[in-house]
6 protein chains.
Amino acid sequence: MAMHQLVEYTDASPEVRAVYEDIMATRKTDWINNFWKVLANDPATLRRTWESIKQIMAPGALDPLTKEMIYFAVSVTNQCPYCIASHTVSAANKGMTDAMFHELMAVVGMANETNRLASGYQVEIDEQFKKL
Amino acid sequence: MAMHQLVEYTDASPEVRAVYEDIMATRKTDWINNFWKVLANDPATLRRTWESIKQIMAPGALDPLTKEMIYFAVSVTNQCPYCIASHTVSAANKGMTDAMFHELMAVVGMANETNRLASGYQVEIDEQFKKL
Amino acid sequence: MAMHQLVEYTDASPEVRAVYEDIMATRKTDWINNFWKVLANDPATLRRTWESIKQIMAPGALDPLTKEMIYFAVSVTNQCPYCIASHTVSAANKGMTDAMFHELMAVVGMANETNRLASGYQVEIDEQFKKL
Amino acid sequence: MAMHQLVEYTDASPEVRAVYEDIMATRKTDWINNFWKVLANDPATLRRTWESIKQIMAPGALDPLTKEMIYFAVSVTNQCPYCIASHTVSAANKGMTDAMFHELMAVVGMANETNRLASGYQVEIDEQFKKL
Amino acid sequence: MAMHQLVEYTDASPEVRAVYEDIMATRKTDWINNFWKVLANDPATLRRTWESIKQIMAPGALDPLTKEMIYFAVSVTNQCPYCIASHTVSAANKGMTDAMFHELMAVVGMANETNRLASGYQVEIDEQFKKL
Amino acid sequence: MAMHQLVEYTDASPEVRAVYEDIMATRKTDWINNFWKVLANDPATLRRTWESIKQIMAPGALDPLTKEMIYFAVSVTNQCPYCIASHTVSAANKGMTDAMFHELMAVVGMANETNRLASGYQVEIDEQFKKL
């Protein structure tokens, strides 16, 4: 269906092209991945999503690699194949080594396990963990 | 029910006490939080879970604070109240500032959003993201 | 395995054929999609599921297109590829335009984001939102 | 809001009372839990849900306790506090011992962990596991 | 912890006050709910989230009530108590009747069921449902 | 990427071979499935995960087939295609009949439905279900 077509740069409206150019300039790359090409069917969502990602993933109190690994951890938990594939590559491009990937996966796996142990055993929140 | 009771140190078997003591020594603290006190109803699970956590959360290619933030990101995605409360405090104790927490939450929120945009739009994985 | 085979109309028992015929008559179509053909391995589940869907998706206080979009929103949140693909087509067949699809996806994405912001920040429920 | 009120037996319509009576007779109990009292705001959903549960949870190829433990495993994975609390009690009433509960929780925790290891490592399905 | 405090209007910075005023003006209400008061600890996230919500939930190809019900359906699927409570009230304020709520819940429940039937039975996507 | 390669027995280190041999001996089989071959990129995770699975899935208060069905129920709820495919075969190998599979799936589907009915209707936990 039309709503899922990939919008290529050469076929894009000026509004979409402007976002594509900002993506490529910000990421210092010369191609656009399918996620953006599909979102371009809705230029308002394309722009809003890109502006949010650009703001959120920029270096700040956390460095870009840490942010990529957090993004990946959420994507694995949600079982999103596209997001897992793309953020693995993004994290590797930002310096994630094999050793870091293995530790990242170990934490994600363990957290998913203990999340269920805590809820299945109906553990009550300790006073020390309550918000002040 | 008995299976949910908090097992206090003074009432614990030597096997459970040994785990509690290792938790307190490893974490340099003098108390045990409810998660472990409830797991202690099943000493085999208590020991296995603690040994895994101790191994996984130790400093390695990733530092302990990064690991705590990844743990938190998974817990928020899974909506586990106990885990969110406890890992917020753990991360703060390991040096997470307010600014870091805000960026962490922004990434977690955005990843949960774009995970669904990618799957709802049925985006196909780019050749560049496929495993070699 | 046998439990996953597609049960075609010509090979189906009278009990299964009766459900297939009701599906085609209710939906004014001349084919049965794979979901039902696989469920037909268990005629009891086939019948119960179809009877429930038929009752729930019929026009009522909500119109059929609104119901299809809600079905799609759940399927995207759960990351079910079959359900996303089939309900996109069902909704389009019931009148969902591209513009409606884009807004639907924007709401689904945003809700998945703010669900985590609310839980990660441990926001307490306002008195005004509590059940009376 | 009215849609969340508990519908007590004495205030219930004959249609709702008939379902309540069938619940109590089938379960050999003299009270109705809140789940059904709230669903009773919508008699059609009350009846459909009860008829489905009654059919699905009856003894068959699987015994009732095994079914309760499966129900519990799903509820823990989905982090539904009401369902966790109620199905823990139901399973205990059907003979689940503390030892069984501990093993059940260990399996649920481990499955939630390895589900993410499998997807995060992008493991491809072995030919031997593909449907024939 | 400070990161979870409610930021009241009287204590808020001009930047936060500006968002609060826009929320109240857009929603024609005189109070701010806790979600925004907590997000206000991070003015950048407060502003970005509000601007996105304001854009996405405005009338468009879908009417505001339909959008609220979709938001609610996602929140129920994700098991977010705050979001369920707040969006039930929001939807009711926009005209959702008890009958509409009951049908909405029936669709959400059924979709969550059939999502798992489709994946557990490993149903393959019909050619007719594939993207063209 | 290297982190996703299948580590075959002939290329494996002695440490990895020892785990492979224990898997084959424990399961009385002569092949290793992809899950373990990928985990072998991180021998520490391979060993820890196998040791935990071996301990948890052994016969105990619950029999191995019941444990496999619980594993499957979690995997379906989480929508993990690899895990669904592999645990369907594992359960069949341990004696799950078609009739048992159909009942298993019916329970999983129903639990996913009523989990959302309970949370969407904001049902409060009955006193009788509270932990003592």
> Counting only residues that are open to solvent by less than 20 Å² (accessible area, probe 1.4 Å) and either more than 30 Å from E:TYR82 (Cβ to Cβ) or away from chain D (no Cβ under 12 Å) (or both), how many does segment B:39-52 have?
Replying inline: 5
> Could you say whether any residue in segment E:52-63 is within 21 Å of the chain's Cα centre (by Cα), under 23 Å from B:MET110 (Cα atoms) and part of a loop (DSSP other than H, G, I, E, B)?
Replying inline: yes
> Quick one: what pairs do we get from segment F:7-35, first residue of a type in the set (Lys, Arg), second at pLDDT 95 or above and surrounded by fewer than 18 Cβ atoms within 10 Å (Cβ to Cβ), C-beta under 7 Å, 6+ apart or different chains?
Replying inline: F:ARG17/F:TYR9
> What are the residues in segment E:104-132 that are open to solvent by less than 10 Å² (accessible area, probe 1.4 Å) and at pLDDT below 95, if any?
Replying inline: none
> For segment C:69-103, which residues satisfy the criterion of being more than 7 Å from every other protein chain (Cβ to nearest Cβ), buried (at least 19 other Cβ atoms within 10 Å of the Cβ) and not in a helix (DSSP H, G or I)?
Replying inline: C:MET96
> How many residues, within segment F:2-17, are loosely packed, with under 14 Cβ neighbours inside 10 Å and either within 25 Å of D:LEU104 (Cβ to Cβ) or of a type in the set (A, V, I, L, M) (or both)?
Replying inline: 1
> Pairs under 7 Å by beta carbon, first residue within 7 Å of another protein chain (Cβ to nearest Cβ) in segment F:104-125, partner modelled with pLDDT under 95, six or more apart or different chains?
Replying inline: F:TYR121/D:HIS4; F:GLN122/C:LYS131; F:GLN122/D:HIS4
>> For the condition outside any helix (DSSP H, G or I), farther than 28 Å from C:ASP63 by Cα and among the charged types (D, E, K, R), what is the one hit in E:ASP30, E:ASP22?
In response: E:ASP30
>> Here is a check on your reading of the model: is F:TRP31 under 15 Å from the mean Cα position of the chain (by Cα), at pLDDT 95 or above and within 26 Å of F:MET3 (Cα to Cα)?
In response: no
>> Suppose we filter segment D:63-103 for residues that are free of Cβ contacts under 8 Å to residues at least 12 places away in the same chain, touching a helix residue (DSSP H, G or I) at 6+ places or on another chain (Cβ under 6 Å) and of a type in the set (A, V, I, L, M); how many remain?
In response: 4
>> I'm trying to understand the selection: among the residues of segment A:18-38, which are open to solvent by 30 Å² or more (accessible area, probe 1.4 Å) and farther than 18 Å from C:GLY109 by Cβ?
In response: A:ALA18, A:GLU21, A:ASP22, A:MET24, A:ALA25, A:THR26, A:ARG27, A:LYS28, A:THR29, A:ASP30, A:TRP31
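The values are calculated or read from the model by the stated rules, or taken from the named source; none is laboratory data. Just so we're clear, the structure is a prediction, and the values are computed from it rather than from any experiment. Glycine gets a Cβ as well: all are built from the backbone with ideal geometry, and neighbour counts include every protein chain shown. Areas reflect the complete protein model, heavy atoms only, side chains present, ligands, DNA and RNA absent. Shrake-Rupley method; radii C 1.70, N 1.55, O 1.52, S 1.80 Å.
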